[in-house]
Number of protein chains: 2
Amino acid sequence: MKKKRNITLKELAKELGFSISTVSRALNDHPDISSETKVSVKKLAKQMHYAPNLFARGFRSQRSHILGVIVPNIAHLFTSTILKGILEEAELRGYRVIISESNNNEAKQIEMLNTMSQFGVDGILMSLTRKTKKIDEVLPILNRIPMVLFDKVSNKVPCTQIVINEEEAAFNAVEHLIELGKQRIAIIKETENSYNSEKRYAGYLRALKHYGLRVREKIILSTEDISLSHGRRLTNILLSMKKRPDAIFAITDNAAIGAIKALHKFKVKIPEEIAVVGFSNSVNSTIIQPALTTVDQPGDRIGRTAVKFLIEEIENPKTDVITKTVEIKTSLIVRDSSLMA
Amino acid sequence: MKKKRNITLKELAKELGFSISTVSRALNDHPDISSETKVSVKKLAKQMHYAPNLFARGFRSQRSHILGVIVPNIAHLFTSTILKGILEEAELRGYRVIISESNNNEAKQIEMLNTMSQFGVDGILMSLTRKTKKIDEVLPILNRIPMVLFDKVSNKVPCTQIVINEEEAAFNAVEHLIELGKQRIAIIKETENSYNSEKRYAGYLRALKHYGLRVREKIILSTEDISLSHGRRLTNILLSMKKRPDAIFAITDNAAIGAIKALHKFKVKIPEEIAVVGFSNSVNSTIIQPALTTVDQPGDRIGRTAVKFLIEEIENPKTDVITKTVEIKTSLIVRDSSLMA
DNA sequence: CTGAAAGCGCTTACAG
DNA sequence: CTGAAAGCGCTTACAG
């Protein structure tokens, strides 16, 4: 009973007394075919539950209509929200999506890239591993398959890149704190030079400069792993200083939540004594007390935009290499952690 | 420069002076081929960066080595954790994974099922939409393609089902509250008869019965949408009662967190006056104050197990219909919301 | 308006 | 041990 074979064009043709060619053309609405023929062919096709073998079609036409997606870790709400956008947009345009994880492992990333290419995907959407050094191994793939990077990108890879307006978002967040009257604004960022961390830091610096505030090296803290526990740890350091900051801008929500937990412990009033701003608008940011002011990153729009640009490239191949960077707008969500009465 | 064609068997054969057949067999380690030939063929293949066209291979062998996955909503941490398990296990076994969403829409679910089948996936992994009534439309697919259900399942679909030990997990959670000395234990569950809600409710009832506690209809509350806000709403109702419950078992973490927020508002001491237990071990459960006691569901194990059973069925097709239910063990994580000194 | 035939890249039963 | 040939299901240039 299992694996009952699907109906093929051949069977339809036999049943109808037409040739395979005619049946194929009728189903594809080829202008040469008479409308009577089309009607009768389509009727029988429906009746017999004919469904074209997409594998054969893809094989024949050298177009799989599959997009390959590679992300560091799928089990992240932000990542899966991007994937949701990718799935929706791809489906709308008649593409299917194969997803795989690099697990933040660069060798695995290259391997997946090769498998995808070998498999015959029409294009690749990728978010890079945390540290992607060996760009040279990515480049040869680019010659064969259109690629678009999103979220974790690198301008060393010459292709379209979809990101959020990291720098501007950080500027706005810090500006918000300044408008609140805060003067000594600490930042918690990443040690390594990730694209995202760098940009957010740049936005922080620009805001201070723009409003004429001094840059105080002592309250610029970095950590390898920008997590809740490290957010807490660094905040403890800030609290032990003779002159405490009056606000903390953490470049991720998790670190900001760690900061809030540390502030709770020392009974520091939020936001009166120290205000806190995060980045991501994760679910957690609404659970923590006080609710966290943060930057909302529209994951689904990132995904949809990436798909749009990729399909554009697939369907209108250019011979020239185009490197454009598309910035998706974010918005600051002000909540109790920075809301002064 | 784009779309440089891949090397084919034909080109390898021409280069080597062998026939295509021989080259194919040499690369696949066919026993008939001399080892010298194999060595030289493989060497050239490597040198020329030959990669088999998986599309052609799949087409020819009628095996795509692709698994189709259909979930209601990918942008859910629990779902994406299951997907992570699926991806890892599938990759380990040489399968690729196509993911799509049903958006909790039954018509879409059928459509995706048909697309997957048409596309030629070797098997399907599915988590059902919230209300799946038209099982008859799912059944014909089962005749053509092996399928395994996970998480949101239905015993009306005759195939392997991977679930967690819902009933037992709920029993353990309630038992834990009883051991704490709680006597009036409220439950917040779903109105509609979802598989998960029913089982958890059954476990709740069994625990009460086992320990000789009365079942009090008034503190058994249901809601259509088992969310944070409804958890809060129902808890307000519980607090307005003349005789309040001394514990709340919410069948999801979100509802439990809503309960905690309502308790905070009315300054009810947790867990002394009212203890709270949730279900899922979501990230939020550690962010809320007090940290929430909850049931940990190992998503990745669910995913891995589902893949194992599916591939087993693909590779050893049975003519008989086998409906087995596999229960993945969960564990109760006790935290401050039910921790009495 | 319709059909016969080639071919996408591979595997495999058949022949030697 | 190796090769010529068929065929998976489809599309499409060529011919009529």
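The values are calculated or read from the model by the stated rules, or taken from the named source; none is laboratory data. Note that the structure is predicted; figures quoted are calculated from it, not measured. Cβ: placed from backbone, ideal geometry, glycine included. Neighbour counts: every protein chain shown. Only protein heavy atoms, including side chains, enter the accessible area calculation; ligands, DNA and RNA are left aside. Shrake-Rupley method; radii C 1.70, N 1.55, O 1.52, S 1.80 Å.
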Selection from the stretch B:136-154 of residues that are assigned to a helix (DSSP H, G or I) and open to solvent by less than 10 Å² (accessible area, probe 1.4 Å): B:141
Elements of type helices (runs of 4 or more DSSP H) contained in the stretch B:1-105, each with 3 or more residues being outside the structural domain of residue B:253 (by the TED database), within 27 Å of residue B:118 (Cβ to Cβ) and more than 12 Å from DNA strand D (Cβ to nearest atom): B:77-92
I'm trying to understand the selection: among the residues of the stretch B:70-106, which are more than 9 Å from every other protein chain (Cβ to nearest Cβ), among the acidic types (Asp, Glu) and closer than 22 Å to residue A:102 by Cα? B:89
Every listed condition ((1) within 12 Å of chain A (Cβ to nearest Cβ); (2) touching a Pro at 6+ places or on another chain (Cβ under 9 Å)) holds for residue B:27 save (1)
Flagged in the stretch A:269-311 as away from every other protein chain (no Cβ under 14 Å) and of a type in the set (Gly, Ala, Ser), in numbering order, are A:275, A:306
Please enumerate the residues belonging to the stretch A:155-178 that are open to solvent by 10 Å² or more (accessible area, probe 1.4 Å), not charged (D, E, K, R) and not assigned by the TED database to the domain that holds residue A:139. A:171, A:172, A:176, A:178
Is it the case that residue A:164 is in contact (Cβ under 8 Å) with a residue 12 or more places away in the chain, under 18 Å from residue A:276 (Cβ atoms) and out of contact with any Cys (no Cβ under 6 Å at 6 or more places or on another chain)? no
Only one of these conditions is not met by residue A:104: (1) within 16 Å of DNA strand C (Cβ to nearest atom); (2) open to solvent by 50 Å² or more (accessible area, probe 1.4 Å). Which number is it? (1)
Output the number of residues of the stretch B:17-68 satisfying the condition of being open to solvent by 40 Å² or more (accessible area, probe 1.4 Å) and touching a strand residue (DSSP E or B) at 6+ places or on another chain (Cβ under 8 Å). 1
Within the stretch A:226-245, is there a residue that is modelled with pLDDT under 95 and assigned to a helix (DSSP H, G or I)? no
Considering the stretch B:77-101 alone, what residues qualify as being open to solvent by 20 Å² or more (accessible area, probe 1.4 Å) and without any contact (Cβ under 8 Å) to a residue 40 or more places away in the chain? B:91, B:92, B:94, B:96
Is it the case, given these coordinates, that residue B:197 is at negative phi, modelled with pLDDT of 90 or more and part of a helix (DSSP H, G or I)? yes
Output the residue which, of all residues in the stretch B:5-34 that are in contact with a Leu (Cβ under 6 Å, 6 or more places away or on another chain) and of a type in the set (Val, Ile, Thr), is farthest from DNA strand C (Cβ to nearest atom). B:23
Mind listing whichever residues of the stretch A:262-280 are part of a loop (DSSP other than H, G, I, E, B) and aliphatic (A, V, I, L, M)? A:268, A:270, A:274
What residue, among those in the stretch B:107-123 that are over 19 Å from residue B:65 (Cβ atoms) and open to solvent by 10 Å² or more (accessible area, probe 1.4 Å), is nearest to the other protein chains (Cβ to nearest Cβ)? B:114
I need a count of the residues in the stretch B:288-308 that are open to solvent by 50 Å² or more (accessible area, probe 1.4 Å) and at pLDDT 95 or above. 4
Out of B:228, B:221, B:208, report the one residue that is out of contact with any strand residue (DSSP E or B) (no Cβ under 9 Å at 6 or more places or on another chain), touching a residue at least 12 places away in the same chain (Cβ under 8 Å) and surrounded by 14 or more Cβ atoms within 10 Å (Cβ to Cβ). B:228
Here the residues within the stretch A:257-277 that are within 23 Å of residue B:257 (Cα to Cα) and in contact (Cβ under 8 Å) with a residue 40 or more places away in the chain are A:259, A:260, A:270, A:276, A:277
